[in-house]
1. Test PRO244 against the criterion of being surrounded by 17 or more Cβ atoms within 10 Å (Cβ to Cβ) and at negative phi, and give yes or no.
2. Can you tell me which residues in the range 231-246 are part of a helix (DSSP H, G or I) and either without any contact (Cβ under 8 Å) to a residue 60 or more places away in the chain or among the hydroxyl-bearing types (Ser, Thr, Tyr) (or both)?
3. Name the residue that is farthest from the chain's Cα centre (by Cα), counting only residues in the range 210-230 that are in a helix (DSSP H, G or I) and β-branched (Val, Ile, Thr).
4. Determine, yes or no, whether SER259 is assigned to a helix (DSSP H, G or I), of a type in the set (Gly, Ala, Ser) and more than 26 Å from the chain's Cα centre (by Cα).
5. Looking only at the range 154-183, which residues are more than 20 Å from GLY269 (Cβ to Cβ), buried (at least 18 other Cβ atoms within 10 Å of the Cβ) and either touching a strand residue (DSSP E or B) at 6+ places or on another chain (Cβ under 8 Å) or of a type in the set (Gly, Ala, Ser) (or both)?
6. Report every pair of residues separated by at least 6 positions or lying on different chains whose Cβ atoms are under 7 Å apart, first residue within the range 325-345 and at pLDDT 90 or above, second among the charged types (D, E, K, R) and crowded, with 21+ Cβ neighbours inside 10 Å.
7. In the range 335-385, what residues are surrounded by 24 or more Cβ atoms within 10 Å (Cβ to Cβ) and hydroxyl-bearing (Ser, Thr, Tyr)?
Amino acid sequence: MTGGAPAATGTGVVPGAVGLGPGAADTAAASVGVAAQPEPIAPAPLPPRVEEPGPTRSVPDAAPRPVPVDAASSSDPASDPASDPASDPVSGAGLVAEEDEDAPRRPSWYRRLAASRVPVTGWWVLVLGALGCLVATVVPVGPAWLGTLGSLVMTSAYSWALAARTGGRPLVFGTLAALIGGATWWLDEPVLRNGAAVMTAVVAALLGVLVTVPAKSVLDAAREAAIALLVATVGSFAVVGWGPGLSVPRFDYLVLGLSLVGALVLVRGLAAGLHGLGRRGLVAVVSGSVVLVVGVAYAEALRRYGPGAMVSDLLDAVRWTRLHLGAFPRPLETILGVPALAWGCHMRARRRQGWWMCAFGVAATAPVAGALAHARVSLSEAGLSTLYGLVVGLVIGFLVIRLDLALTGPKGGRGSRRAEEAAAVRPEPRRTRPLR
């Protein structure tokens with residue numbers, strides 16, 4: 001064997017002994033002896049795994065790990081192109097979305113306009129301008145087409161306000177009412193004019209009821225009833241501006257029926273449906289329905305078959321009142337409509353059931369909205385009849401409210417009543433805001 005052959009041992013060939021000198025061979029042999037009982041050696045770290053390039057993906061599998069940087073030595077992210085969201089189209093889109101969600105959303109031009117006072121101010125300008133045209137026609141002053149123009153503007157403004165108050169689309173319904181009114185004016189057909197007059201009276205009657213707000217006290221309830229009748233009175237000028245040719249009883253029944261149906265449909269959503277009626281609301285609805293049906297049926301019987309002996313005496317009293325006081329209050333408005341409005345607004349400050357009572361307020365606003373359509377009734381007589389009905393109806397409403405408080409309210413004197421009024425804090429939107 002030559003000197004370069006590997007030295008054989010019991011355990012195998014000693015690596016690294018080839019080509020070494022005698023001293024190195026001894027060192028290697030000593031190392032072999034030590035290797036007989038080796039110590040645990042930590043494995044060498046594996047080389048980093050290099051993934052083969054695969055198909056291109058639109059979104060990476062995992063986001064890159066953030067590198068910890070000392071806060072003192074951190075640089076501005078805007079100066080680092082790698083940290084700019086715009087440099088990475090995928091991750092940049094997500095960051096932009098987060099910024100849009102966190103940033104306050106600016107309302108659109110329509111919402112900004114609706115939240116401002118411009119719509120209310122514009123509505124008042126339209127209503128007052130239309131009212132001026134209608135009063136000029138009633139006097140009469142000016143050209144004849146002023147009445148139709150005023151009715152067109154008033155009907156559109158009232159339809160817009162009713163849709164806005166009920167949480168609908170005022171722009172859509174106001175424009176639709178304007179288009180219908182314009183077509184009626186252009187075609188000038190009696191049927192269309194009668195339909196426009198009925199539609200205007202119904203919208204005015206409903207708006208008069210829905211424009212009210214809750215009333216804590218009896219005086220507040222009287223104010224709300226007066227506002228409802230005032231809205232209906234302004235609408236009556238638009239009704240007469242259309243020049244309806246319907247018979248008076250048919251016109252009154254049609255306006256009253258449509259107004260009552262519309263009020264019940266709208267109130268059902270405002271009063272939490274039929275399940276929110278309760279015992280008190282059920283009694284009020286049944287009582288109001290009975291009074292309404294009996295009153296209408298009795299008036300129709302008198303019109304067809306004539307009065308009896310007792311009714312003749314009542315008619316004599318009506319004639320005396322008209323002769324000396326200038327007018328006589330409308331029975332349905334006085335007995336049912338105004339008391340229902342006063343009681344309903346008073347209850348709405350305490351319970352949502354008050355809306356069901358307010359629905360029967362159309363028994364007051366519907367006759368007032370169609371009052372000027374009666375050819376034989378003068379302007380002064382129509383106004384005085386509305387005023388007398390309001391006063392007498394408020395007296396009846398005051399008695400009903402006191403009876404309600406005596407049965408269901410706290411017991412005690414004036415201090416208890418004041419405490420009850422202070423506790424009546426059921427919130428509702430203000431008069432110029434949607435109810436839902």
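1. Details: surrounded by 17 or more Cβ atoms within 10 Å (Cβ to Cβ): yes; at negative phi: yes.
Criteria met by PRO244.
2. Once the filter is applied, which keeps residues that are part of a helix (DSSP H, G or I) and either without any contact (Cβ under 8 Å) to a residue 60 or more places away in the chain or among the hydroxyl-bearing types (Ser, Thr, Tyr) (or both), the range 231-246 yields THR233, SER236.
3. Of everything passing the filter in the range 210-230, VAL218 is farthest from the chain's Cα centre (by Cα).
4. Criteria not met by SER259.
5. Passing the criteria: SER156, ALA157, GLY174, ALA177, GLY181.
6. From residues that are at pLDDT 90 or above, the pairs are LEU341/GLU224; CYS345/GLU224.
7. THR365, SER385
Conditions tested, residue by residue: (1) basic (Lys, Arg); (2) outside any loop (DSSP other than H, G, I, E, B); (3) over 24 Å from ASN194 (Cβ atoms).
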{"position": "ALA114", "(1), (2), (3)": "no, yes, yes"}
{"position": "VAL127", "(1), (2), (3)": "no, yes, no"}
{"position": "ALA130", "(1), (2), (3)": "no, yes, no"}
{"position": "CYS133", "(1), (2), (3)": "no, yes, no"}
{"position": "GLY142", "(1), (2), (3)": "no, no, yes"}
{"position": "GLY147", "(1), (2), (3)": "no, yes, no"}
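The values are calculated or read from the model by the stated rules, or taken from the named source; none is laboratory data. Worth saying up front: this structure is predicted, and the values here are computed from it rather than measured. Cβ: placed from backbone, ideal geometry, glycine included. Neighbour counts: every protein chain shown.
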